[in-house]
1. What's the angle, to the nearest 10 degrees (0 to 90), between helix 49-63's Cα axis and the longest principal axis of the chain?
2. Under a 1.4 Å probe, what is the accessible area of region 172-239 per residue, stated in Å²?
3. How far, in degrees from 0 to 90, does helix 85-98 lean away from the longest principal axis of the Cα atoms of the chain, to the nearest 10?
4. Can you give me the % of accessible surface on the chain that is carbon or sulfur? Probe 1.4 Å, all protein chains present, nothing else counted.
5. Longest span of the chain, sites excluded, free of GluC sites (Glu not before Pro) in DSSP loop with at most 10 other C-beta atoms within 10 Å?
6. Rounded to the nearest 500 deg cm²/dmol, what is the calculated helix-only ellipticity per residue at 222 nm for the chain, with -39500 (n - 2.57) per DSSP H run of length n ≥ 4?
7. Under the 0.36 nm per residue contour assumption, what length would be gained going from the current alpha-carbon distance of Arg176 and Thr86 to full extension?
8. Modelling each spin label as a point 7 Å along the Cα-to-Cβ direction, I'd like the Asn196/Ser223 distance in nm, to one decimal.
Amino acid sequence: MAGSGYGGVIAVATRFVDRGLLLDETLVVADLHLGRSAASNVQASLGGDRATLDHVIALVDRHDPERVVIAGDVLESFSSVPDGVTDHLEDFEQSIADRDIALDVIAGNHDPMLTEVWDYPLADRVRIDETLVVHGDTDPDLPSGVDRIVMGHEHPAIEIEGHKRFCFLVGEALYRGRDVIVVPAINRLLRGTTVNEMRGRDFHSPILTAADPLRPVVYDVESEETLRFPTLGQFREML
């Protein structure tokens, strides 16, 4: 994107949307954490499994992708699955099938129970042309020809004038010379990890080796605009 300061990180066909990323005809979302509302004892009216999955379907209906990739952490719990999660997943799978859209699901570190409650093939990565989509909790093997990594796992958010906003993080040549885009959590109950003052050592993913080069990107729902910010290193200096 010429003149954006992002180098080759953001390809022409890349679009930031409401807690999701469009790569040409593929919608990437991450970190559903179904069962979060039960684990947090939060009422469903504030958000929850159905609202999270409905949001994915709403993005599908609005942007009409040919493929959906879930980049890990479909579930919240490591050891049990709250009531209703299996039914919600089955309804979601049927909704995707009814729209004749391909679905790829990457297993995240929170998903050891997923194969027991959802009869759906899981992957450890998904390749889309020169982009490799992973969850982000481990060091990925990088096939030849991959020049960009898209991941979840970190749930990034940025605080602006006292308000916390979901954000993407964009880094050029950040991991073994590959560009990186971190997608925010699709589950709005996960208010996110504030990145303003983070350093490289504060991230959980081995892919994120430094914080200063990362640029936050916010999709503003009300204006439907993509707001791009300076790198975290520059951001700290400005504050």
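The values are calculated or read from the model by the stated rules, or taken from the named source; none is laboratory data. Computed from a predicted model, the values in this text were never measured in an experiment. Cβ placement follows ideal geometry from the backbone for every residue including glycine, while neighbour counts extend to all protein chains displayed. Accessible surface is based on the protein model in full, side chains and every heavy atom, while ligands, DNA and RNA are left aside. Shrake-Rupley method; radii C 1.70, N 1.55, O 1.52, S 1.80 Å.
1. For 49-63 against the chain, the angle is about 60 degrees.
2. Values: 3410 Å² over 68 residues.
It amounts to 50 Å² per residue over region 172-239.
3. 80
4. On the way: 4710 of 10970 Å².
In the chain, the share of accessible area belonging to carbon and sulfur is 43 percent.
5. Numbers: sites that count: Glu161, Glu222, Glu224.
Longest site-free region, per DSSP loop and neighbour criteria: 1-160.
6. Details: 5 runs with 45 residues, N = 239.
Taken over the chain, the calculation gives -5500 deg cm²/dmol.
7. On the way: separation 90, 0.36 × 90 = 32.40 nm, distance 3.83 nm.
So the extension gain works out to 28.6 nm.
8. Output for this residue pair reads 1.9 nm.
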